[in-house]
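Participant: Have a look at this one before I ask anything.
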């Protein structure tokens with residue numbers, strides 16, 4: 001009885017193997033490719049420096065303000081990059097963390113800038129958001 005079970009198993013295995021074999025050997029085999037998820041865009045360290053330079057010109061920052069603003073922007077960029085790595089697969093958590101980072105950065109900016117400079121900054125940010133929204137809708 002065991003021999004018949006073994007023969008039956010062997011014949012099923014053989015039939016399955018050969019019936020699943022490709023009929024046309026000229027068709028190239030499909031290759032399995034593993035695709036990694038797209039990495040989250042990171043904020044380049046130079047972006048903080050460039051933004052500080054623009055803010056210096058636009059808001060007429062004093063040298064002491066420029067140093068503080070540059071430090072705030074560098075820290076913000078580092079925190080944003082760390083958050084993107086930490087929450088890579090969790091977009092809602094990432095957005096929550098980025099909002100927290102931005103709020104903290106905004107609070108620090110408010111302490112460094114004069115009230116007039118801070119209002120100019122907020123006006124410029126609103127203009128940039130409006131431009132981004134109009135591009136998004138196009």
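Participant: Determine if the stretch 88-95 includes at least one residue that is out of contact with any strand residue (DSSP E or B) (no Cβ under 9 Å at 6 or more places or on another chain), closer than 18 Å to residue 65 by Cβ and at pLDDT below 95. Full working, then the answer.
Facilitator: Within the stretch 88-95, the first condition is being out of contact with any strand residue (DSSP E or B) (no Cβ under 9 Å at 6 or more places or on another chain), and the residues that meet it are 88-95.
When the remaining residues are screened for being closer than 18 Å to residue 65 by Cβ, the result is none.
The answer is no, given that none of the residues of the stretch 88-95 is out of contact with any strand residue (DSSP E or B) (no Cβ under 9 Å at 6 or more places or on another chain), closer than 18 Å to residue 65 by Cβ and at pLDDT below 95.
Residue by residue, here is whether (1) within 19 Å of residue 128 (Cβ to Cβ); (2) at pLDDT 70 or above; (3) in contact with a helix residue (DSSP H, G or I) (Cβ under 6 Å, 6 or more places away or on another chain) holds:
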site: 3; (1), (2), (3): no, no, no
site: 30; (1), (2), (3): no, no, no
site: 41; (1), (2), (3): yes, no, no
site: 50; (1), (2), (3): yes, yes, no
site: 53; (1), (2), (3): yes, yes, no
site: 58; (1), (2), (3): yes, yes, no
site: 62; (1), (2), (3): no, yes, no
site: 104; (1), (2), (3): no, yes, no
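Per-residue answers, yes or no, for (1) exposed (fewer than 11 other Cβ atoms within 10 Å of the Cβ); (2) under 17 Å from residue 53 (Cβ atoms):
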{"site": "67", "(1), (2)": "no, yes"}
{"site": "72", "(1), (2)": "no, yes"}
{"site": "90", "(1), (2)": "no, no"}
{"site": "102", "(1), (2)": "no, no"}
{"site": "121", "(1), (2)": "no, yes"}
{"site": "137", "(1), (2)": "yes, no"}
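The values are calculated or read from the model by the stated rules, or taken from the named source; none is laboratory data. A quick note: this is a predicted structure, and the numbers were derived from the prediction, not measured. All Cβ positions, glycine included, derive from the backbone under ideal geometry; neighbour counts span all protein chains shown.
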